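Okay, so here's the structure we're looking at.
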Amino acid sequence: MGKRVREFGSDFNLCTDQKWLDSNSSFFNSEASHFFLSGRAALYALIEFGIKKHGWIKVYLPSFYCHEVTDYIKSLSIEIINYTYNPLNDIKVEVFDTGPSVIVKVDYFGFGISRNIHINQENTLVIEDLTHNLSGIKNSTSDYGFASLRKELPIPTGGLIFSNKNKELPKGSLNTVANDIAQRKLTAMHLKTMYLENKFSDKPFFRTLFLDAEVDFESSLANAINPELSNAIINGLNISKILKVKKDNLKLILDQLVVDENFTILNTYANLGFGLVLKAKTQKQRNNLKDYLIKNLIFPAILWPHQYEEIDVALENTILFIHSDFRYNKNQITQICQKINLFFNN
């Protein structure tokens, strides 16, 4: 066997290392949560349930958001209202409503949910999007919450809805297309593991599997529960350890990373977050760093593309997300920091 392939970021590969596995670990409260195919499917099911159970007539979503999620729920019989908000323009938001409604508050980048969003109506309930902060689920005090589990965990599929207030939750249904998506994603994850171990060389093949499965998440699988294949993987992970190692990696990054005057590190020791988030002064500066990282086999992400309000487009165009999760040990995190520091030193 040759040397391992060294690259960082992008989709998770299949996790087979025993140190990340623990069949006795119980991270999610099974009595207060249900698994769905994806985060967007979970939100769809929750809002559909709220329309029937609570008579919701409006759902408020922040303007800075993953708009694939917004598009996914448009077929529901509820008015979607976007309130202008993004995490770097933490302006006061007040929601006044005359009928039963629901507002989605987002924990952006795992830095916490704004306390500047106020609801002035008793029959407006709150859903928290904790996709970027699974550690925050246990302490959530909202009426409901949901998350896409695939952003922090090495699983083929998975979304979660929960209520720490023990409110009734929708249960969803089996779906054969969902099972097919899970199987294809799992195949792609396995092939990526083989690729990183230098046992499989056709990277475009498994990248296509990843991308095609991702497109299928946009299908109308709104009530699809998570396939048992994915649930078995979730239940076998030591999630607490996986999330803790990421926090430790982020602390190490903050110790070592030095950016120039054109960039800001949004992470702090008090708010470590979901991954390394850098903000440039201009889109060109951001793109120069992005291109440099890709050339050095560090694959960053843009959260989120396709914004439409001016302040949100400005944020989309200047931030860059860099993975720092459990896949990388301290030496590898140091290598990433050294590569980034080289960019700023040249």
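Which of the residues belonging to region 297-312 are within 30 Å of Gln335 (Cβ to Cβ) and touching a strand residue (DSSP E or B) at 6+ places or on another chain (Cβ under 9 Å)?
As a first pass, look at region 297-312 and keep what is within 30 Å of Gln335 (Cβ to Cβ): 297-305.
Scanning region 297-312 gives Leu297, Ile298, Phe299, Pro300, Ala301, Ile302, Leu303.
For region 254-289, name all the residues that are basic (Lys, Arg) and in contact with a strand residue (DSSP E or B) (Cβ under 6 Å, 6 or more places away or on another chain).
Residues satisfying the conditions are Lys279, Arg286.
Tell me whether region 216-237 contains one or more residues that are under 11 Å from Ile181 (Cα atoms), free of Cβ contacts under 8 Å to residues at least 24 places away in the same chain, surrounded by fewer than 18 Cβ atoms within 10 Å (Cβ to Cβ) and out of contact with any helix residue (DSSP H, G or I) (no Cβ under 9 Å at 6 or more places or on another chain).
no
In region 45-62, what residues are open to solvent by 30 Å² or more (accessible area, probe 1.4 Å) and not in a loop (DSSP other than H, G, I, E, B)?
Once the filter is applied, which keeps residues that are open to solvent by 30 Å² or more (accessible area, probe 1.4 Å) and not in a loop (DSSP other than H, G, I, E, B), region 45-62 yields Glu48, Phe49, Ile51, Lys52, Lys53, His54, Lys58.
Please state which of the following conditions Lys244 fails to meet, knowing it meets all the rest: (1) touching a residue at least 60 places away in the same chain (Cβ under 8 Å); (2) surrounded by fewer than 20 Cβ atoms within 10 Å (Cβ to Cβ); (3) under 20 Å from the mean Cα position of the chain (by Cα).
Here Lys244 meets the rest and fails (1).
Can you report the number of residues in region 185-211 which are more than 17 Å from the chain's Cα centre (by Cα), within 17 Å of Thr157 (Cβ to Cβ) and open to solvent by 80 Å² or more (accessible area, probe 1.4 Å)?
Residues meeting the conditions: 1.
In region 108-122, what residues are open to solvent by 30 Å² or more (accessible area, probe 1.4 Å) and touching a residue at least 24 places away in the same chain (Cβ under 8 Å)? Break it down into steps so the answer makes sense when it comes.
Taking region 108-122 first, the residues open to solvent by 30 Å² or more (accessible area, probe 1.4 Å) are 111-113, 115-116, 118-122.
Matches in region 108-122: Phe111, Gly112, Asn116, His118, Ile119, Asn120, Gln121.
For region 23-44, what are the residues that are of a type in the set (Ser, Thr, Tyr) and assigned to a loop (DSSP other than H, G, I, E, B)?
Ser23, Ser25, Ser26, Ser30, Ser38
Quick check on region 54-107: of everything there that is of a type in the set (Gly, Ala, Ser) and in contact (Cβ under 8 Å) with a residue 40 or more places away in the chain, which residue is farthest from Ser148 (Cα to Cα)?
Gly99
Which pairs turn up if I take residues in region 247-272 that are touching a residue at least 12 places away in the same chain (Cβ under 8 Å) and more than 15 Å from Ile336 (Cβ to Cβ) and look for partners that are aromatic (Phe, Trp, Tyr) and part of a loop (DSSP other than H, G, I, E, B) with beta carbon separation below 7 Å, at least 6 apart in sequence or on another chain?
Asn271/Phe111
Looking only at residues that are acidic (Asp, Glu) and over 30 Å from Lys165 (Cβ atoms) in region 1-43, which one is most open to solvent (accessible area, probe 1.4 Å)? If you could, list the steps in order and put the result at the bottom.
Within region 1-43, the subset acidic (Asp, Glu) is 7, 11, 17, 22, 31.
This time we only want the ones that are over 30 Å from Lys165 (Cβ atoms), so: 7, 11, 17.
Numbers: Glu7: 22, Asp11: 46, Asp17: 74 Å².
By that ranking, first place goes to Asp17.
Which one of these is touching a Pro at 6+ places or on another chain (Cβ under 9 Å), among the aliphatic types (A, V, I, L, M), farther than 22 Å from Leu278 by Cβ and surrounded by 18 or more Cβ atoms within 10 Å (Cβ to Cβ): Leu125, Leu134, Leu130?
Unique residue meeting the criteria: Leu125.
Please give the helices (runs of 4 or more DSSP H) falling wholly within region 253-346 in which 3 or more residues are open to solvent by less than 50 Å² (accessible area, probe 1.4 Å) and over 28 Å from Ser63 (Cβ atoms).
In region 253-346, 330-345 are the helices (runs of 4 or more DSSP H) which contain 3 or more residues that are open to solvent by less than 50 Å² (accessible area, probe 1.4 Å) and over 28 Å from Ser63 (Cβ atoms).
Condition check: of a type in the set (S, T, N, Q), out of contact with any Cys (no Cβ under 6 Å at 6 or more places or on another chain) and at pLDDT 95 or above. Does Asn345 satisfy that?
It is false that Asn345 is of a type in the set (S, T, N, Q), out of contact with any Cys (no Cβ under 6 Å at 6 or more places or on another chain) and at pLDDT 95 or above.
The values are calculated or read from the model by the stated rules, or taken from the named source; none is laboratory data. In this text the structure is predicted, and so the values were computed from the model without any measurement. Note: ideal-geometry Cβ built from the backbone for every residue, glycine included; neighbour counts use all protein chains shown. All accessible areas refer to the heavy atoms of the entire protein, side chains included, with ligands and DNA or RNA removed. Shrake-Rupley method; radii C 1.70, N 1.55, O 1.52, S 1.80 Å.
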